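Please treat every number below as a calculation from the coordinates, not as lab data. This structure is a prediction, so every number in the text was calculated from the model and none was measured.
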Amino acid sequence: MNCINCKHFFVTWESKFPYGCNAYEIKSKSAPNLQVLENTGTACLVFTPKKSEDQTQESIHKKDSTPSKN
């Protein structure tokens, strides 16, 4: 599992804690999934893959082609 591929992952502006996880509400020096494993003894349970660029473009096109309700 790679946090970079998770929708909950983010990069902070804090040099001491450059990585974060919105789901666990943590910031860490290393990948958040490693912090979760170290502190709980359990692998991350909330990993959710980010949408691929194709999926994002597809959802944009669906919104554009949906007739508006006026």
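Around the amide H of Y19, modelled in the peptide plane, lie the amide H atoms of T12, S28, all under 5 Å away and 5 or more residues distant in sequence or on another chain. Full extension of the chain between K7 and K51 yields a length gain of 15.1 nm, computed as 0.36 nm times the residue separation minus the alpha carbon distance.
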